[in-house]
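Note sheet for the following structure.
The values are calculated or read from the model by the stated rules, or taken from the named source; none is laboratory data. Predicted model only: the values in this text are computed from it and were never measured. Backbone-built Cβ (ideal geometry, glycine too); neighbour counts: all protein chains shown. Just the protein is used for accessible areas: all its heavy atoms, side chains included, with ligands, DNA and RNA removed. Shrake-Rupley method; radii C 1.70, N 1.55, O 1.52, S 1.80 Å.
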Amino acid sequence: RVEARGADGEFIQHFDADAFPKDAVARTRRQGDRIHPLGAPGRMSLKKAMNMRRLPAIARDGWPILASGSRVLWVPGANLMDDAIACRPDTRRWLKVEYQGEEHSYGTYPR
């Protein structure tokens, strides 16, 4: 059944299914993780991207991410996703990913 793609949000993201890596996993950050943020001119370290998004330092090591190897695909709750797997006007198939979160003293933290 084909449905409208719907809206993205802090914890819901749609990706181009044909460009999405088959080996993607949910995990926490690791040394060497890099991301090419949507609309950015190139790749940067995940540490720098998290700092730019002002994610609380106390939460960064436990913050969940979606990754393929050291390539970060999405950081739920941080408005960070990989440019190469973003839906475009010509995207024919999409993959919807939803992440559940919980409230903490420093804001909404995905679990």
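Things to note:
- With a 1.4 Å probe rolled over the protein heavy atoms of all chains, the accessible area of M52, M44, M81 falls in the order M52, M44, M81, largest first.
- The share of alpha-carbon pairs in segment 38-97 lying farther apart than 20 Å comes to 28%.
- Peptides 13-26, 61-74 ordered by average Cβ neighbours within 10 Å, highest first: 61-74, 13-26
- A straight chain from E10 to D61 at 0.36 nm per residue would run longer than the Cα-Cα distance by 16.5 nm.
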